[in-house]
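Each remark here refers to the structure printed beneath this line.
The values are calculated or read from the model by the stated rules, or taken from the named source; none is laboratory data. Bear in mind the structure is a predicted one, so any value in this text is a computation, not a measurement. Note that each Cβ is placed from the backbone with ideal geometry, even for glycine, and that neighbours are counted across all protein chains shown. Areas reflect the complete protein model, heavy atoms only, side chains present, ligands, DNA and RNA absent. Shrake-Rupley method; radii C 1.70, N 1.55, O 1.52, S 1.80 Å.
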Amino acid sequence: MRSLPVLSSRAPLQCHGNDATAAMKPGQMPPRSVRLSLTDRCDLACVYCRPHRQDGYVEERLDLAAWKTMVHGLVAAGVRRVRLTGGEPLLHRDVVEVVRFLHTLDLDDLAITTNATRLEKLAQPLRDAGLRRLNVSLDTLDPVRFERMTRGGDLRGVLRGIEGAVGLGFDEIKLNAVVVRGENDTELESLVRWSWGRGIVPRLLEVMAIGEGANLKDRVVSGSEMRARLDHVLESQEAVREADRGPARYVAARHDGTKKVGFITGTSDTYCKGCDRLRVASDGVLRPCLATNDGLEASEFARAGDAEGVKQAIALAWTMKPDGDSFKGCTEPSAADVSMRGIGG
Ligand code: SAM
């Protein structure tokens with residue numbers, strides 16, 4: 001895989017990429033939110049994410065004990081919200097155990113992003129282990145299109161998984177659909193209505209020029225165009241962000257104020273300012289930004305059970321976070337070399 005940084009494991013506090021100083025910049029908030037890429041493996045190969053299913057995986061992933069140390073270091077560094085992602089986090093054999101452990105930490109938020117291929121089997125165990133929120137990725141309700149967009153996926157199992165999760169008592173289920181012009185952009189309203197009918201919050205994403213998405217720049221449908229196409233079902237109010245809930249902006253349904261649609265506009269309107277997100281890749285590299293390959297190796301600390309070492313590595317990694325005022329996220333050239341499933345999308 002071309003995009004993950006190669007760092008010397010004997011020099012764990014070495015930055016890869018931007019210049020960094022050991023101290024946090026004045027006025028800089030510590031990371032509050034983290035995405036853990038439990039595994040870079042995935043059983044799908046979505047057209048905007050990876051070129052094919054054989055594009056390679058990292059050699060050494062963190063094991064359960066190392067993840068626990070990593071998380072203790074993250075919490076000590078100030079992290080309060082954790083999302084498990086990947087790759088496909090439900091492919092990780094210890095995913096339920098990881099959730100059970102995270103649940104003991106009394107975090108402000110604990111969520112998973114999944115393609116739902118294994119949700120039919122795992123939704124109940126995950127809920128029982130303490131998972132609160134679920135984001136499912138689903139771009140189409142058409143089985144043929146689903147197979148094409150995911151390069152071989154089976155829609156039926158995914159729908160069974162999502163339908164089964166509804167009613168298990170999750171605080172919230174969201175649906176993420178990446179909108180690709182000439183492919184699923186005819187399905188915006190059906191995806192929205194399907195979600196609303198199940199108490200799910202639909203969110204429509206612009207294709208970002210990250211990884212394979214960089215080859216789809218002419219297929220991006222902007223958030224404003226999506227919004228215009230849904231004008232007849234949405235209020236005409238300005239889309240608003242929700243505090244501590246990431247970059248999505250929401251608009252209420254026209255005839256039912258309890259329903260809404262989220263728009264994630266990483267391409268037409270980048271949202272780096274105020275970003276408090278850190279990512280940890282499955283091999284233990286700390287990744288301060290989704291749109292660069294900069295990273296800092298922290299696996300040695302995690303594998304040695306050294307949470308304090310992890311905490312110090314986080315402080316250093318955080319100094320590598322690009323300045324959100326001038327940096328423009330996935331519109332920067334660095335984004336094309338990033339592997340979304342490696343870094344934890
Ligand atoms: N496998 C899990 C899933 O499918 O939800 C988690 C990992 S996946 C990389 C996380 C999210 O990133 C998915 O919602 C996916 O659609 C989105 N994604 C991947 N590549 C993207 C791109 N180039 N632009 C926009 N969203 C992208």
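Some notes on this structure:
- Filter result for Val144 (open to solvent by 40 Å² or more (accessible area, probe 1.4 Å), in contact (Cβ under 8 Å) with a residue 24 or more places away in the chain and among the β-branched types (Val, Ile, Thr)): no
- All positions within segment 94-120 that are open to solvent by 70 Å² or more (accessible area, probe 1.4 Å) and within 16 Å of the ligand (Cβ to nearest atom): Arg118, Glu120
- The residue of segment 57-80 that is surrounded by the fewest Cβ atoms within 10 Å (Cβ to Cβ), among those that are under 24 Å from Ser137 (Cβ atoms) and in contact with a Ser or Thr (Cβ under 9 Å, 6 or more places away or on another chain), is Tyr57.
- Hits in segment 32-78 - residues which are in a loop (DSSP other than H, G, I, E, B), in contact with a Leu (Cβ under 9 Å, 6 or more places away or on another chain) and not charged (D, E, K, R): Cys42, Val47, Tyr48, Val58, Leu62, Ala77
- Qualifying residues in segment 160-181 (those that are more than 16 Å from the ligand (Cβ to nearest atom) and within 16 Å of Thr140 (Cα to Cα)) - the one most open to solvent (accessible area, probe 1.4 Å): Arg160
- Residues that are charged (D, E, K, R) and open to solvent by less than 40 Å² (accessible area, probe 1.4 Å) were ranked within segment 317-342; the one that is nearest to the ligand (Cβ to nearest atom) is Arg341.
- Residue check, Asp231 under 22 Å from Val201 (Cβ atoms), open to solvent by 10 Å² or more (accessible area, probe 1.4 Å) and either touching a residue at least 12 places away in the same chain (Cβ under 8 Å) or touching a Phe, Trp or Tyr at 6+ places or on another chain (Cβ under 9 Å) (or both): no
- Qualifying residue in segment 255-265 (condition: surrounded by 20 or more Cβ atoms within 10 Å (Cβ to Cβ) and more than 19 Å from the chain's Cα centre (by Cα)): yes
- Scope segment 127-159; condition aliphatic (A, V, I, L, M) and either away from the ligand (no atom under 14 Å from the Cβ) or under 19 Å from Ser195 (Cα atoms) (or both); matching residues: Ala129, Leu131, Leu134, Val136, Leu138, Leu141, Val144, Leu155, Val158, Leu159
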